Structures are given as C-alpha cells and as structure tokens.
C-alpha cells in the first residue's frame, strides 16, 4: 500500500513541516521516500538581457547567477538565457533536496530525490499516479510554489484530481496543538455511515497494524431542529436524539467489532454537534493522532458532507490528515 511516498517540497521552511510526520510514517511502514521539487517556469524571473550578473528570483529565493553574454552564448537569445537560468535553478533544487535526504535518511529509511519542471499540481499528480506512489505527503500552507491556501490550488488539485491519497498538515497549527516529533499514538477515522467514508477503515487498519496503533472510530450525531411550536420541541428533540444516538451507537459498535475480530485495538466515540468542530475537539484531546478520512460524500446516518468536514479538520486540527480520494455521492433518493 505504501511502498513509495512522494514528498513535494518547494524550498520553504513551512513546506518542510510535513517531514517529521512522513518520516515517522515511512519508517513504520517500511516505505521509500522521494523528495520532489517542481520548478514552475511561471515564477522564475529571468534577466532582461544577456551579460547580466547578479541574481534571479525562483521559488528558492534569489539565486546568484551569471548569464553568458552574446559572445559566450551559443544561442545568444532569450532561449539561451532561460536555459541557463533553469539549469542553475535545477542544480540549486537538487542541492536543497540532497541536503534534506542526507539529513533524514539512514539505514532504516531509504530516501531519494528528483526535480521536475512545469505546473506543480500537474507534475505531482502525474508522477504520483504514473509511477505507483501510494501516498503524496505535503504541507498545506507553505509560501513557495506549493503554498496557495488550505486545500486550495496545488494541494487541492492534487488531493481531488487523482487516485493517490494525500497526507497533509498545517505546520503552524501542529506547533500549537501538539509536539511534532513524538510517535503516533492512534488513528482517528471519522465515519458518517456511508460506504465512501467506510473505505477509510481498511487503510487505517493497515497503518495501525504496522505501527502498533489503536483506532478510534468517530461519528457525530446532528439533529436538525424541526419547524414546530416551541412547546412541542423539547419532547420531540429528546426522542430524536435518543433514536439517532441508539442507531449511531449500534453502527459504531458493529464496525468496531469487525476490527476487533482482526486483533486491532479499537474504540469508538459518539459525539454531538457540528461535525467538523466535534472531530477537531476530539483530535485535540488525543495528541499525536493521525486522522484518516475520505474527501467527500453525502450520505449516512446524519448526512453530513464529508468533503467540507475534511477541509475544516485539516484547517483546525493541527494533526496530520490522510485524505483518501472519493467521488461525491448523492443518496438523497435512496
């Protein structure tokens, strides 16, 4: 499942915030890491003329460079300048990745690296899919080529446009909500009753088994206030809550029993309130947990939209979240 993990980096410190988590996961899963930088031609500013000396701006900051003048250049054109700049940028990126690979690699972790050119999202998705990577691990709020918002732009496109799961974390929140370098303690799997959400369970099971972790299955019960006179509401609400919680509790108990039968240490939590907020609060109460959930799905016992919940959990939990690709499903007619 996770023989190879692709780790996109863009030269920023925030992008490297994913490293403590993915290194921890790779060692436990015996996975090979590939550090991957994509140089985006659109953000590389080339000198305006031949013979320029000084620096150029890339996603790695300003790189000192001396561009050959027309007598030294074989092409003597803008193409020659761009080629020279890209070659220098590629060498800089390789040096950056080599240093990280040497720092995190060792006898218990194989690490290699590569540099690509083009659209970062397209290149990451293409390499991950075509070369059989089992996971893409990347920060969500870096400031370089990859850093364009929470589950937005590059991260969003990679997470939602291909069949490869994505592990992501906001390093800023990770520092606030828990130590980065301690071992994982558990895997949290939010379930909404849909088949799509349940597809995260086997994935979490394999990780938990190989890393010796427990699994916590969680479901959030939501109750929509009915349009009835106030004097009737309290009695109806109590009855609805009891029915919803009984059904959800039985569901979680059944799912937990399946895992326990395989020797997995498992427990379940039944929560009330807004789905994302309740999950985030639970994750904050269980530091060093790894969240595994699907991208979207409209279904289940209380019909919460898993896609928007996933994004909010990534934004606020401070813990790494593995996002499994899924297709939106409308089961309203069932």
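Before moving on, here are some points about what is shown:
- Annotation: peptides 312-319, 246-253, ranked by per-residue average of other Cβ atoms within 10 Å with the highest first, follow the order 312-319, 246-253.
- Length released on extending from residue 267 to residue 122, taking residue separation times 0.36 nm less the Cα-Cα span: 48.3 nm
- Given their separation in residues at 0.36 nm each and the Cα-Cα distance between them, residue 30 and residue 254 gain 77.5 nm when the chain is fully extended.
- Spin-label model, residue 13/residue 308: points 7 Å from Cα along the beta carbon direction are separated by 3.6 nm.
- Distance in nm between pseudo-label sites at residue 83 and residue 107 (7 Å out along the Cβ direction from Cα): 4.7 nm
- A Förster distance of 30 Å, applied to the separation of the beta-carbon atoms of residue 247 and residue 281, puts the FRET efficiency at 0.85.
- Residue 114/residue 1 FRET efficiency (R0 30 Å; Cβ-Cβ; nearest 0.05): 0.85
- Straightening the chain between residue 129 and residue 240 buys 35.4 nm, computed as 0.36 nm per residue apart minus the Cα-Cα spacing.
Here, each number is a calculation from the coordinates, and none is a lab measurement. Everything quoted here is computed from the prediction, not taken from an experiment. Glycine gets a Cβ as well: all are built from the backbone with ideal geometry, and neighbour counts include every protein chain shown.
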